[in-house]
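Asker: This structure is in structure tokens; I'll ask about it shortly.
Rule-based calculations on the coordinates, nothing more; no lab input. All values reported here derive from a predicted model rather than from experimental measurement. Counting neighbours? That spans all protein chains shown, and the Cβs are built from the backbone with ideal geometry, glycine included.
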Amino acid sequence: MKIVVCIKQVPEITDVKVNPETGTLVREGVSSILNPFCEYALDHAVRLKSAHQELDVIAVTMGPPQAKSALFRCLELGADRAVLVSDRKFAGADTWATALTLAAAIKKAVPDFSLILMGKQAIDGDTAQVGPELAEILNLPQITYGVEMHLSANKKRIRVKRESENGYEILEARMPAVISASKGELIRRVPSFEDVLSARVKDLRVISAADLGLDETELGLQGSFTQVVNVFPPAQKIGGTKLEGLEPEIAARKIAAFLREEKFI
Ligand SMILES: Cc1cc2nc3c(=O)[nH]c(=O)nc-3n(C[C@H](O)[C@H](O)[C@H](O)COP(=O)(O)OP(=O)(O)OC[C@H]3O[C@@H](n4cnc5c(N)ncnc54)[C@H](O)[C@@H]3O)c2cc1C
């Protein structure tokens, strides 16, 4: 049984810059990490594998060549093999073009997958859209914000404890399915020296746009409905008045007077 884990390499959050000419993210010289929620998704896959030894865990990412380092991290953390989906034609992809490309790549590289695990969101784009879009494109059941996952004895269904506004829910889905992972109780693991060594001999395959059979107009910026025009930090708010050490009634009068003055009331 094969579990695909979609992972994204993201810039160290403080380093997000957009190239004003191309409208795409500046990646050169920017330190990158494995998206934390993708690491939780991988952790769930490795836990399922520890309960069912025959499982095969495949980490998949769409990204530039340097995204290989995020895949190596996944191989160190327990993935059995990895697939890099890389091509200049994918640059500037929005969530729809990303999901479409990932769907084609998964069908190409792991046609007999039983489960796709995703992070609930990427800490740079922060849209949490790719998981649900991928499930729609592949016409698969999906469960989001999973914090615990267990396979049924016949491995045909997956039971997921998920975060919800009111606490938690337990849902079950027929497989193949798409599940997005949240942090829950997970502690991020540190690979052992053996894990690091064994990762170096694990298979890492690269596939390009030509392997996917998609029309070029569906890829990257061309295939995107949205484009990131600019990314900038919000203006820092300064000033404001602090009311400290006043009797509550006096403080209330001052606030009411301020609200009247500002015509809020
Ligand atoms: C600041 C910023 C704002 C953006 N806003 C938008 C927007 O409003 N609309 C839009 O369409 N695009 C937007 N983008 C572009 C968007 O980041 C990319 O399309 C990206 O590839 C996927 O979206 P995401 O980062 O929000 O991922 P999310 O949907 O938050 O990621 C969820 C999960 O999907 C999987 N995943 C995501 N990307 C990949 C990948 N490349 N390879 C493998 N798995 C992946 C991972 O498991 C990840 O945890 C934005 C980008 C930036 C930097």
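Asker: If a/c stays under 1.5 just call it rounded; otherwise compare a/b with b/c (prolate if a/b is bigger, oblate if not). Do that for segment 191-264, with a ≥ b ≥ c from the square roots of the Cα gyration tensor eigenvalues.
Answerer: Since a/c reaches 1.5 but b/c is at least a/b, the shape of segment 191-264 is classed as oblate.
Asker: Evaluate Rg over Rh across segment 154-221, taking Cα atoms for both radii and Kirkwood's formula for Rh. Please list the in-between numbers first.
Answerer: Details: Rg = 18.9 Å, Rh = 17.1 Å.
Over the Cα atoms of segment 154-221, Rg/Rh equals 1.11.
Asker: Report the full-extension gain for the segment PHE264 to PHE232: residue separation times 0.36 nm, less the Cα-Cα distance, to one decimal in nm.
Answerer: 8.5 nm
Asker: Here's something else I'd like to know. If you take the Cα atoms of segment 120-246, find Rg, then find the Kirkwood Rh from the mean of 1/r over all pairs, what is Rg/Rh? Spell out each step's value before the answer.
Answerer: Working: Rg = 21.5 Å, Rh = 19.6 Å.
Value, to two decimals: 1.10.
Asker: Quick check: residue separation of ASN139 and GLN222 times 0.36 nm, minus the Cα distance between them. What number comes out in nm?
Answerer: 27.5 nm
Asker: A 26 angstrom limit on the alpha carbon distance is what I want to check against. Which of LYS108/LYS202; LYS68/LYS161; LYS68/LYS108; LYS120/LYS155; LYS49/LYS156 exceed it?
Answerer: On the way: LYS108/LYS202 19 Å; LYS68/LYS161 31 Å; LYS68/LYS108 19 Å; LYS120/LYS155 23 Å; LYS49/LYS156 15 Å.
Check vs 26 Å cut-off fails for LYS68/LYS161.
Asker: Using alpha carbons only, what's the Rg to Rh ratio of the chain with Rh from Kirkwood?
Answerer: Answer for the chain: 1.10.
Asker: Another question, if that's okay. May I ask you to list the GluC sites (Glu not before Pro) in segment 168-234 that are in a DSSP loop and have at most 12 other Cβ atoms within 10 Å of their Cβ?
Answerer: Filter output for segment 168-234: GLU185.
Asker: Please get the size of the charge dipole for the chain, origin at its Cα centre, with Cβ charges of +1 on Lys and Arg and -1 on Asp and Glu, quoted in debye to the nearest 20.
Answerer: 420 debye
Asker: Over segment 47-125, what is the mean sequence separation of C-alpha contacts under 8 Å (at least six apart), divided by residue count, expressed as relative contact order in percent?
Answerer: Across segment 47-125, relative contact order equals 26 percent.
Asker: Go ahead and run the numbers for FRET between ASN166 and ALA51, Cβ-Cβ distance against an R0 of 35 Å, rounding to 0.05.
Answerer: 0.75
Asker: For segment 87-186, compute the orientation-averaged projected area of the C-alpha convex hull (one quarter of its surface), in nm².
Answerer: About 7.3 nm², averaged over all directions.
Asker: Can you tell which of PHE193, PHE72, PHE37 shows the greatest fluctuation in a Gaussian network model of the chain with Cα springs below 10 Å?
Answerer: Between PHE193, PHE72, PHE37, it is PHE193 that shows the largest mean-square fluctuation.
Asker: For LYS202 and ILE33, compute 0.36 nm times the residue count separating them, minus their Cα-Cα distance, and round to one decimal in nm.
Answerer: 58.8 nm
Asker: What distance in nm separates the two pseudo spin-label positions at ASP112 and GLU21, each 7 Å out from Cα along the beta-carbon direction?
Answerer: 4.8 nm
Asker: From the backbone phi of segment 155-171, what are the Karplus-calculated ³J(HN,Hα) couplings (6.51 cos²θ - 1.76 cosθ + 1.60, θ = phi - 60°) in whole Hz, Gly and Pro given as x?
Answerer: Residue by residue, segment 155-171 yields 6, 9, 9, 10, 9, 10, 8, 10, 6, 9, 4, 9, x, 9, 10, 10, 10 Hz.
Asker: Sticking with this structure for a sec: Once you keep just the Cα pairs under 8 angstrom separated by 6 or more residues, what percentage relative contact order results for the chain? Each step should come with its number before you reach the end.
Answerer: Values: 506 pairs, mean separation 63.9, N = 265.
Taking the mean separation of contacting Cα pairs over the length of the chain, I get 24 percent.
Asker: Okay, next question. Would you calculate, for the chain, the mean residue ellipticity at 222 nm contributed by helices, counting each DSSP H stretch of 4 or more residues as -39,500 (n - 2.57) and dividing by all residues, to the nearest 500?
Answerer: After summing the helix terms and dividing by the residues of the chain, the value is -8000 deg cm²/dmol.
Asker: Next up: Using R₀ = 51 Å, calculate the FRET efficiency as 1/(1 + (r/R₀)^6) where r is the Cβ-Cβ separation of GLU12 and ARG174; round to 0.05.
Answerer: Details: r = 39 Å, r/R0 = 0.77.
Taking R0 as 51 Å, the efficiency between GLU12 and ARG174 is 0.85.
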